[in-house]
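Chemist: Quick one: the structure is below, questions incoming.
The values are calculated or read from the model by the stated rules, or taken from the named source; none is laboratory data. These numbers come from a predicted model, not from an experiment. When we count neighbours, we look across all protein chains shown, and the Cβ atoms used for this are built from the backbone with ideal geometry, even at glycine.
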């Protein structure tokens, strides 16, 4: 089968009928996953701090260091969250936070060691912006930092911080965050030392169709080189309580009174459900070398996630026993293991619980 070109990808995204696009993606899913199963993982998203110096315009979660709601999670609270996760059959914790100016490499090493000493759990943690920041503060290279974190207990890396891998867009929505090449560098270095990662994309802010293609192509090219991505997760920007969305936060953060003047030629175009399905389907078609595509029920809800399973997705993501970043925008979908299992069955698939590496733990 011939590989989809950037030009063809743009045509698929912009002009092809939605159902025809979905059928193409579904056929590719069937080819890659003919067994008819849809997987999910039981884990928890634990945010160790909400303090962040990046202050991205699309983020409703971050707080300044002196804000009354700013926090660094205590070990007691962290361990209780992990205990609760394991008690309901969880096998993994997703640990992410902001870029806190007071936290150094020693903090992260101690955090990982303390988790591994007490729990038998997979730690999926620290996105590329966090890794880069830790490395810069320590004076180590990215690869040396990754090796030290892995030795302390880091098992894999989430794809957070990618947003859109187009520096034109990044300059508008997250000017203080690492560049697209820095994000790709962290992932490549991780893959080179045998550490698996996921990749994500946040769309529906100020990017254009060409930027989405640029993002997908960057992920595909790196996957050709390393083979280290286990899954791709596209999700749509949620504007509530964000500077980019132009709404005042209940916590008193500054309001952007004219969101159309974020930057020259910027225009906010929040993604619809149809947009989500188009991007998801294109992701499955374009990323022919990434084995798994994940539906985002956290941003789209269970019903739309069910539909996504016929638009190329073969994974339902996480049970998300805890989720704070999307919830900070005012969007808060929730479910249970049983809810996910029923949704997968209702869409005509066999539900299976998996681990980070997509090994099946059990059929549900």
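Chemist: Restricting attention to the stretch 62-76, does a residue exist that is at pLDDT below 90, touching a helix residue (DSSP H, G or I) at 6+ places or on another chain (Cβ under 6 Å) and over 23 Å from residue 336 (Cα atoms)?
Modeler: no
Chemist: May I pose another question? Which of the residues belonging to the stretch 1-26 are touching a helix residue (DSSP H, G or I) at 6+ places or on another chain (Cβ under 7 Å) and assigned to a helix (DSSP H, G or I)?
Modeler: Within the stretch 1-26, 6, 9, 10, 12, 13, 14, 18, 21, 22, 24, 25 meet the criteria.
Chemist: Please verify whether residue 153 is surrounded by 20 or more Cβ atoms within 10 Å (Cβ to Cβ) and under 17 Å from the mean Cα position of the chain (by Cα), treating the condition exactly as stated.
Modeler: The answer is no for residue 153.
Chemist: Failed condition for residue 153, given (1) touching a helix residue (DSSP H, G or I) at 6+ places or on another chain (Cβ under 6 Å); (2) on the phi < 0 side of the Ramachandran plot, with all others met?
Modeler: (2)
Chemist: For residues that are crowded, with 21+ Cβ neighbours inside 10 Å and more than 30 Å from residue 349 (Cα to Cα), tally how many sit in the stretch 34-56.
Modeler: Qualifying residue count for the region: 5.
Chemist: Please give the strands (runs of 3 or more DSSP E) falling wholly within the stretch 294-364 in which 1 or more residues are crowded, with 20+ Cβ neighbours inside 10 Å and at pLDDT below 95.
Modeler: The qualifying strands (runs of 3 or more DSSP E) are 315-318.
Chemist: Part of a loop (DSSP other than H, G, I, E, B), under 28 Å from residue 282 (Cβ atoms) and over 20 Å from the mean Cα position of the chain (by Cα): does that describe residue 34?
Modeler: It is true that residue 34 is part of a loop (DSSP other than H, G, I, E, B), under 28 Å from residue 282 (Cβ atoms) and over 20 Å from the mean Cα position of the chain (by Cα).
Chemist: Among the residues of the stretch 90-101, are any more than 18 Å from residue 62 (Cα to Cα) and assigned to a helix (DSSP H, G or I)?
Modeler: No, because not a single residue in the stretch 90-101 is more than 18 Å from residue 62 (Cα to Cα) and assigned to a helix (DSSP H, G or I).
Chemist: Checking residue 101 against (1) surrounded by fewer than 24 Cβ atoms within 10 Å (Cβ to Cβ); (2) under 18 Å from residue 161 (Cα atoms); (3) touching a strand residue (DSSP E or B) at 6+ places or on another chain (Cβ under 7 Å), which test does it fail?
Modeler: (3)
Chemist: Do you know which residues across the stretch 207-239 are surrounded by fewer than 23 Cβ atoms within 10 Å (Cβ to Cβ), part of a loop (DSSP other than H, G, I, E, B) and in contact (Cβ under 8 Å) with a residue 60 or more places away in the chain?
Modeler: Within the stretch 207-239, 227, 239 meet the criteria.
Chemist: Checking the structure you have, find out if any residue of the stretch 105-126 is within 21 Å of residue 224 (Cβ to Cβ) and either in contact with a strand residue (DSSP E or B) (Cβ under 6 Å, 6 or more places away or on another chain) or modelled with pLDDT of 95 or more (or both).
Modeler: no
Chemist: Out of 84, 130, I need the residue that is closer than 22 Å to residue 184 by Cβ and in a helix (DSSP H, G or I). Which one?
Modeler: Result of the check over 84, 130: 130.
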